[in-house]
1. Roughly what would the spin-label model give for residue 100 and residue 28, points 7 Å off Cα along C-beta, in nm?
2. What translational D, rounded to a whole number of µm²/s, comes out for the range 73-360 from Stokes-Einstein when the hydrodynamic radius is the Kirkwood one over Cα pairs, at 20 °C and 1.002 mPa s?
3. Working from Cα positions, state the angle (0 to 90°, nearest 10) between the long axis of helix 121-137 and the longest principal axis of the chain.
4. Apply the Karplus parameterisation 6.51 cos²θ - 1.76 cosθ + 1.60, with θ equal to phi minus 60°, to every residue of the range 235-241 and state each ³J(HN,Hα) to the nearest whole Hz, in sequence, with x for glycine and proline.
5. On C-alpha positions alone, give me the angle between the axis of helix 153-169 and the longest principal axis of the chain, in degrees, nearest 10.
6. Residue by residue through the range 330-342, what is 3J(HN,Hα) from phi via Karplus (6.51 cos²θ - 1.76 cosθ + 1.60, θ = phi - 60°)? Round to whole Hz and write x for glycine and proline.
7. For every other residue with a beta carbon closer than 13 angstrom to the beta carbon of residue 334, add +1 if it is Lys or Arg and -1 if Asp or Glu, then tell me the sum.
8. Calculated from DSSP H runs of 4 or more alone, at -39500 (n - 2.57) each and per residue, what is the 222 nm mean residue ellipticity of the chain, nearest 500?
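The values are calculated or read from the model by the stated rules, or taken from the named source; none is laboratory data. Keep in mind that this is a model prediction, so the values were computed, not measured. Here Cβ is always computed from backbone atoms with ideal geometry, including for glycine, and neighbour counts include all displayed protein chains. Only protein heavy atoms, including side chains, enter the accessible area calculation; ligands, DNA and RNA are left aside. Shrake-Rupley method; radii C 1.70, N 1.55, O 1.52, S 1.80 Å.
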Amino acid sequence: MRLLITNIKQLCGIDTDKKRIAGKDMATLSCMENAWLLAEDGLIHSYGSMTDLPFRKVDQTYNADDRLVLPAWCDSHTHLVFAASREHEFVDRIKGLSYEEIARRGGGILNSAKKLNETSAGQLYDQSLERLHKVMATGTGAIEIKSGYGLNEEGELKMLKVIRKLKEKSPIPIKANFLAAHAYPIDYKENKEGYINLIIKQLLPKVAGEGLADYIDVFCEEGFFSVADTERILEAAAKYGLKPKIHANQLHYSGGVQVGVKHKAVSVDHLECVGDAEIEALRGSDTMPTLLPGAAFFLGMHYQPARKIIDAGLPVCLATDYNPGSCPSGNVPLLLTIACTQLKMTPEEAINAVTLNGAAAMELENELGTIKIGKKANLIITQKIPNFAHIPYDFGNNPVEKMVFSGKIA
Ligand code: NIG
Ligand code: FE
């Protein structure tokens, strides 16, 4: 199958041969004006200037007629599989309760766990597929999805099996992250050690044995899992070849960044609380600092210090954190607006953060995240917009006109 896209006003995110983009380099998004792109058998075959369009026999020509083409977004941190929304807590927070207070009262993650354990795998799959289609329609072309609302064997395996089915059925790459260490279930409130043992001795062998996860996650945070708990879980997971991608430094300077880097985490995510010590820990490591400003926005918390991280020469990745509690939106264009207006990232930095750096945060940087010959042709064809800065500027609107998945117009 050959798809030729012609008359592209701006072909954005052309590869610079980097595995990830860091520091000052994030300020540049390589583009070609007035371009064409040929996809063959699902991959980017070639691209060039319209002044130099080679004649080729193709199966389909799509006239982009002055629209932009970008690599699809790579959303490297989501909790897209969940059973029910949580508007009630949203209203409680408006009235003054904090996210932590709601969690202490048995709401939050425990509320989602209760709902998930009452929902059948079939219902969970149907709802999750609908959400997946919704985020794909706003430009997402690869995604990571976590478990973490089961908090017992049956529930965690149910979630991971739903993610596996989504992987099988979906045209976009999906990575599964095992997050049983998201909160302590009610039955283990007084027996935290017991729950950690359950994760390490009972759940991990099953999850790994069935190949249900690509990564291990821990919510390393005061009141949730300590640095010592995190280390034990990461060490156990390493024996099964599961690399960490963890929740770190959302609510406090929790030591999560340092423990993640120490255990060679692919990414450390959230990072509302990042100071000099965290920056020093990240320097020289391969761990991707991933910011989730949608959660800070929705919880009304202070934002992640993106400038400080970029100005230190580090890469920044952006992800949605799509989940029913702290960010019930998987909309990447909105995330870009928040990153630009609140984190003071430029459109170039924000787009790099959610394309190549998003791919790197899922170890998909050789397959996705830039316009490069041989990479998967998962692309965004925008609406008629003047330039890529219009995407975060035009907030609340969907910039996508058409998506291309594996070289096919969706
Ligand atoms: O990334 N912080 C921990 N976990 C999720 C939220 C989970 C929830 O509130 O349901 C997050 O924000
Ligand atoms: Fe999260």
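1. 4.3
2. In µm²/s, the coefficient rounds to 115.
3. Between helix and principal axis, roughly 40 degrees.
4. 5, 5, 5, 4, 5, 9, x
5. 10
6. Each residue of the range 330-342 in turn: x, 8, 5, x, 5, 4, 4, 4, 4, 4, 6, 7, 9 Hz.
7. Every neighbour counted, the sum reads -2.
8. Rounded to the nearest 500, the figure is -9000 deg cm²/dmol.
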